[in-house]
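Encoded as structure tokens, the structure appears first; notes follow it.
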Amino acid sequence: MNLKLFRSGSINGLLVSIAVGASLHAATLNLETYLNQVETQNKGVQSMTQSISALQSKSDEKDLLTTPILNASAFSMSERKTTSFSGILGTQTYTHSGDISVKWQLDNGLALSTGYQLAYYSFPEASTAITVKEYGEGIPYIQATLPLWKNKDGQLTKATRDSIGYTYDSAVKSNEFGVQSTLVAAETAYWRLVLSREAVTVATDATERAKKMMNWASSRQALALGDKSDFLQAKALLQLRQLELQSAKDDVRSAERAFNTARGKAPQTPIESLESLDDTQLNKIKCATVLKNRKDIDAALAAVKAARAKATAEVGNYDPTLNLIGQFKLNQYDPSIGNAVLNTLSTAFPTLYIGLQYSSPIDSKLIDTIKSGTQASVKAAELDYQQKLFTQKNEWIDLQQRLSDAQQRLDVVKELESIQLAKWKAETDRHQKGRTTMAQVLLFEQDYANAQLIHLRTKAELLLLSAQLKLFGS
């Protein structure tokens, strides 16, 4: 799995800037390094990567169909029986035979075989009138079988090869999509932890502000210069901020566990400081102008091709067999088996034959039913692919729109946060001058804290979209 290819596209210069930052801060773990850790240490990724390698090697199985096959056999036989020649040859026969041949199937359907047969016969009970009581035979031969119907022009062989090849290809792409999905999930875990830590910082600042306001309200009440309701409001706000801070810290611990799990480390493993992204970098995230199929779509397409090829092979396998067969062999006979071998290539006693071979299933209705089921399986694979293609297109369009909308909102929420901060500071100043109420100050502080959280949520949405776009090659 090429991690660089996987990560190229959607953020472009973004990761470059992160790498520069990492060189300045050696202790900082950037996204690139983290994803490398996930790729090398996550057992799920390792399993899928290993499966990809195994499947690619096993895909060569299709070549076995047209790879020459060596066959060899040898046997010895002792036989006793009466025949019409028993009076001359006796009833006992010893036979020793061996055969070696090479057979191969060509892409065009032609099947060839060539080999050599060697046999030795002995008749120990033969009549004294027989001068030759043992002899040897050496028979070299070559045979060709040309299909005239089933597998004509090698259609069955080619379809079987394609079926095997596309089946493995589909499995490879499914595992590649699994690796990509795991890396996308890991990237999401990375940014989740980054933003969770930022949320703790925001919650900590808000808690400090709430403490100052409560202390101020408490001192005012102690001097009988403020209302008790102002003190209670400030105290309630502090309790709320402390609860939000604790919740933010809980989220960080959860994010850390997910972060470490993705890279194959124990949940409690200490985590380095992480890179953060500013709004300018987030606005540089782009979606590709041309949709590229995800790996799961490529897997579905390969599955369709495999189903079609398999259907062709299965349907063709039920066609009648009509083969043209030709064989040529040389028959060497000699009382000495050694001489039979030495004279192997003598053409004095050749055998040549040519013939037709036919066979066909009788139950045509059963065959039609099977063929119908085969075609239905192809249709099912095609419908599955079409649905995934349709879903992918809609998801891509949705991602494009959501990315554009989130980037537009990012500018708005950034400005909103600045306005709410300025508004809270101004209201605080007015309160110190006795020109507004504590309730109004607390309300404005709440508005500012909410704006900060909206800002963080918008950044989180953009980073999640950025990770998801990588599944589409963006």
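The values are calculated or read from the model by the stated rules, or taken from the named source; none is laboratory data. The shown structure was predicted, so the numbers you read here are calculated from the model rather than taken from an experiment. For neighbour counting, all protein chains shown are included, and Cβ atoms are generated from backbone atoms with ideal geometry for every residue, glycine included.
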For this session: Could you tell me whether Ile367 is surrounded by 13 or more Cβ atoms within 10 Å (Cβ to Cβ), under 55 Å from the mean Cα position of the chain (by Cα) and at pLDDT below 95?
Result: yes
Problem set entry | Residues satisfying the stated conditions in the stretch 70-90, i.e. among the charged types (D, E, K, R) and outside any loop (DSSP other than H, G, I, E, B) | Glu79, Arg80
Exercise. When Lys459 is evaluated against the numbered criteria (1) over 30 Å from Lys173 (Cα atoms); (2) of a type in the set (Lys, Arg); (3) within 37 Å of the chain's Cα centre (by Cα); (4) at pLDDT below 90, which criterion, by number, is the only one it fails?
Worked result: (4)
For this session: Output the residue which, of all residues in the stretch 38-69 that are hydroxyl-bearing (Ser, Thr, Tyr) and assigned to a helix (DSSP H, G or I), is surrounded by the fewest Cβ atoms within 10 Å (Cβ to Cβ).
Result: Ser57
Exercise. Scanning for something surrounded by fewer than 21 Cβ atoms within 10 Å (Cβ to Cβ), modelled with pLDDT of 90 or more and basic (Lys, Arg), does the stretch 172-184 turn up at least one residue?
Worked result: no
For this session: Considering only the stretch 70-98, state which residues are exposed (fewer than 10 other Cβ atoms within 10 Å of the Cβ) and at positive phi.
Result: none
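For the stretch 278-295, check the following and say yes or no: at least one residue is assigned by TED's automatic domain parsing to the domain that holds Thr33, hydrophobic (A, V, I, L, M, F, W, C), modelled with pLDDT of 90 or more and part of a helix (DSSP H, G or I).
So the first thing to find is which residues in the stretch 278-295 are assigned by TED's automatic domain parsing to the domain that holds Thr33, and the list is 278-295.
From the residues that got through so far, the ones that are hydrophobic (A, V, I, L, M, F, W, C) too are 282, 285, 287-288, 290-291.
Narrowing further to those that are modelled with pLDDT of 90 or more: none.
Among the residues of the stretch 278-295, not one is assigned by TED's automatic domain parsing to the domain that holds Thr33, hydrophobic (A, V, I, L, M, F, W, C), modelled with pLDDT of 90 or more and part of a helix (DSSP H, G or I), which makes the answer no.
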Seminar exercise, completed: Restricted to the stretch 263-277 and to residues being assigned to a loop (DSSP other than H, G, I, E, B) and in contact with a Ser or Thr (Cβ under 7 Å, 6 or more places away or on another chain), the residue nearest to Leu456 (Cα to Cα) is Glu275
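Would you mind stating whether Ala248 is small (Gly, Ala, Ser) and part of a loop (DSSP other than H, G, I, E, B)? It would help to see each step written out before you state the result.
Values: small (Gly, Ala, Ser): yes; part of a loop (DSSP other than H, G, I, E, B): no.
Here the answer is no, as Ala248 does not meet what is asked.
Would you check if there is a residue in the stretch 137-154 being β-branched (Val, Ile, Thr), at pLDDT below 95, on the phi < 0 side of the Ramachandran plot and outside any loop (DSSP other than H, G, I, E, B)?
Initial filter on the stretch 137-154 (β-branched (Val, Ile, Thr)): 139, 142, 145.
Applying the additional criterion that residues be at pLDDT below 95 yields 139.
Filter once more, keeping what is on the phi < 0 side of the Ramachandran plot: 139.
Now drop any that are not outside any loop (DSSP other than H, G, I, E, B), which leaves 139.
The answer is yes; a qualifying residue exists.
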